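Data block below; observations after.
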Amino acid sequence: MTRSGTTQYRNLPAVDKLLRAEELTVAINSFGRESVREAARDTLARIRQQLQAGNKTLEDNLQQPEFYGNLCQSISELAESRSELSLKPVFNLTGTVNHTNLGRAPLPESAMDAIQRVSARAVNLEYDLTAGSRGDRDSHVEGLICQLTGAEAATVVNNNAAAVVLVLTTLAVGRDVLISRGELVEIGGAFRIPEVMGSAGCHLKEVGATNRTHLADYKRAIDEDSALLMKVHTSNYEIMGFSKSVAEPELAALAHQQGLPFVVDLGSGTLVDLAKYGLPREPTVADSLLQGADLVTFSGDKLLGGPQAGIIAGKHDLIARLKKNPLKRALRVDKLTLAALGAVLQLYDNPSELSRNLPILRDLTRKTEEIAVVAEEILPCVSRYVANEADVEIADCKSQIGSGALPVDLLASLAIKITPRAAKGTDNLLKELALRFRQLPVPVVGRIHDGSLFFDLRCLQDTKGFCRQLSN
Ligand SMILES: *Cc1c(COP(=O)(O)O)cnc(C)c1O
């Protein structure tokens with residue numbers, strides 16, 4: 001440390017004195033005294049560190065009359081940036097419509113209204129208003145689920161992984177669950193069917209081979225330790241070529257012959273025939289139930305387009321057993337989820353308007369002509385933003401549905417393609433550029449591919465907001 005550095009160091013104002021400064025009153029009123037105190041402490045610590053490191057510019061600045069004002073401004077800005085909530089909206093221009101890391105399905109207006117209606121007041125969450133006694137929280141959505149799927153009963157938990165765990169711990173603890181080797185799927189992060197089975201305390205009994213499983217394989221595998229037959233919808237991959245799996249009606253018939261329940265983990269949980277909306281067909285919950293499944297489990301926030309939830313629909317007696325399992329208490333959803341889910345399910349009552357009212361379906365069915373209009377609209381502001389660093393053009397691309405649904409089918413779309421100028425077109429420059437977009441107030445998340453940054457415009461609705469933050 002230099003001599004002058006030591007002296008300067010001593011001349012820095014004390015935190016308590018700063019907190020009394022008029023320049024910080026606005027910050028204290030907006031972000032709280034403790035937050036500003038912490039910001040002041042950290043800012044001073046940073047300055048001391050720089051002085052210790054012999055930063056001459058800082059030493060000079062310290063002598064200037066405006067130093068004090070600038071210091072207060074830095075402290076206010078630090079407090080402000082820290083007061084921003086960490087969880088915030090982003091522009092999902094990755095090309096994956098239902099992106100698990102970006103929060104999956106955006107909710108429709110009606111669901112947001114429903115959340116608002118129940119969030120700040122007491123509600124009849126578990127209260128039967130007719131009887132004046134305790135009610136069942138599932139009752140707010142169970143009727144709708146049954147109506148849309150043909151199920152006798154239903155229950156709702158935190159997500160589909162929880163739904164599978166609840167089913168297994170209720171029906172198969174210490175016993176065998178029969179499942180085809182071709183269906184031992186891993187879904188994203190850590191949800192692997194074999195591991196879920198283990199954590200639920202039941203034994204996985206693998207049936208058949210990876211590419212081919214026959215009814216006779218299941219028959220042979222059934223014995224007195226068998227608890228149930230399970231089919232997992234292989235939603236994030238397809239086995240092609242020399243492959244065979246057993247259809248649901250045959251499996252259901254075999255299970256019932258042996259007095260065992262037949263459970264289908266459907267994953268994405270489609271409630272309507274997507275072919276009607278020009279999309280590839282996915283099996284629906286109603287299909288599985290019609291084909292003999294006793295229970296079907298599915299997500300609320302994949303193709304269903306609602307909040308994160310796991311829904312179990314099926315036979316009355318089995319659902320009753322699930323509801324009695326103490327684990328249900330640990331996995332249950334809150335009033336906000338039920339409010340949103342109810343509002344989303346209601347939209348299905350009006351199928352002809354669904355692709356307009358349900359954001360996930362709106363984005364999946366968006367026409368390329370409409371995406372082209374978006375592309376033309378934002379091309380100039382992106383070009384200006386990266387002016388001398390990169391070339392910007394409109395390019396064809398393919399969007400994915402995401403969240404494991406419809407793995408093979410891709411949707412034609414358009415992207416803004418940003419390519420750093422060849423002379424300096426290094427990998428690092430591309431990463432830097434992508435980072436700069438992610439650091440905007442509403443972060444823009446794209447996809448790096450083949451030396452360019454792609455913004456797939458399928459999910460971009462707020463073009464004005466997008467351009468506004470690039471021009472600031
Ligand atoms: C996505 C998926 C799950 C997990 O569902 P979450 O709602 O993410 O918990 C389980 N099984 C299948 C087949 C899936 O596709």
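Calculate, in nm to one decimal, what Ala253 and Thr368 gain on full extension: separation in residues at 0.36 nm each, minus their alpha carbon distance. Before the final figure, lay out the partial values.
Working: separation 115, 0.36 × 115 = 41.40 nm, distance 4.45 nm.
Answer, rounded to one decimal: 37.0 nm.
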Gap separating the Cα centres of region 452-467 and region 202-225, nearest whole Å: 48
Spatially proximal lysines relative to Lys323 (Cα-Cα < 20 Å; intrachain offsets below 8 disregarded): Lys315, Lys335
Go through region 224-229 residue by residue and turn each phi into a ³J(HN,Hα) via Karplus (6.51, -1.76, 1.60, θ = phi - 60°); whole Hz please, and just put x for glycine and proline. 5, 8, 5, 9, 6, 9
Loop only per DSSP, at most 13 neighbouring Cβ atoms within 10 Å: give me the trypsin sites (Lys or Arg not before Pro) in region 20-106, ordered by residue number. Arg20
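Let me have the 222 nm mean residue ellipticity of the chain computed from DSSP H runs of 4+ only, each contributing -39500 (n - 2.57), with the sum over all residues rounded to the nearest 500.
Working: 21 runs with 207 residues, N = 472.
So the calculated ellipticity at 222 nm is -13000 deg cm²/dmol.
With 10 angstrom as the radius, rank Ile47, Ile145 by how many other C-beta atoms surround their C-beta, starting from the fewest.
Numbers: Ile47 20, Ile145 23.
Fewest to most other Cβ atoms nearby, the residues stand as Ile47, Ile145.
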Straight-line reach from Lys328: which aspartates and glutamates fall under 17 Å, measuring Cα to Cα and dropping same-chain residues less than 8 apart? Glu126, Asp136, Asp138, Glu142, Asp317
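What length, rounded to one decimal in nm, is gained on full extension from His214 through to Asp391, with 0.36 nm per residue of separation minus their alpha-carbon distance? All intermediate terms of the calculation are to be shown ahead of the outcome.
Details: separation 177, 0.36 × 177 = 63.72 nm, distance 5.48 nm.
Length gained, His214 through Asp391: 58.2 nm.
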Quick one: helix 109-119 against the long Cα principal axis of the chain, what's the angle to the nearest 10°, folded into 0 to 90? 80
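Add +1 for every Lys or Arg and -1 for every Asp or Glu among the other residues with Cβ under 14 Å from the Cβ of Ala45, and state the total. Show your work: numbers first, answer last.
Working: positive: Arg37, Arg41, Arg46, Arg48; negative: Glu38, Asp42.
Every neighbour counted, the sum reads +2.
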For the chain, what is the relative contact order in percent, using Cα pairs closer than 8 Å and at least 6 residues apart in sequence? 18
Please compute the modelled spin-label separation between Lys398 and Ser74, points set 7 Å along Cα→Cβ, answer in nm with one decimal. 5.2
Sequence-distant lysines (8 or more away, or on other chains) whose Cα lies within less than 28 Å of Lys464: Lys88, Lys302, Lys367, Lys398, Lys417, Lys431
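Using a 10 Å cut-off around each Cβ, can you sort Lys335, Lys464 from fewest to most neighbouring Cβ atoms?
Details: Lys335 18, Lys464 9.
Taking fewest neighbouring Cβ atoms as first place, the list is Lys464, Lys335.
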Treating the angle as unsigned and between 0 and 90°, give the value, to the nearest 10°, between the Cα long axis of helix 427-438 and the longest Cα principal axis of the chain. 90
Treat the count of other C-beta atoms within 10 Å as a stand-in for reagent exposure and order Asp391, Asp223 from fewest to most. Asp223, Asp391
Using alpha carbons only, how many degrees (0 to 90, rounded to 10) separate the axis of helix 33-52 from the longest principal axis of the chain? 60
Spin-label point model (7 Å from Cα, Cβ direction): what's the Asp317 to Ala53 distance in nm? 7.2
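Any read-out appearing in this document is the output of simple, stated calculations on the displayed coordinates, not a laboratory observation. Fair warning: this is a prediction, and the values are worked out from it, not measured in the lab. A quick note on method: Cβ atoms are made from the backbone with ideal geometry, for glycine too, and the neighbour counts reach across all protein chains shown.
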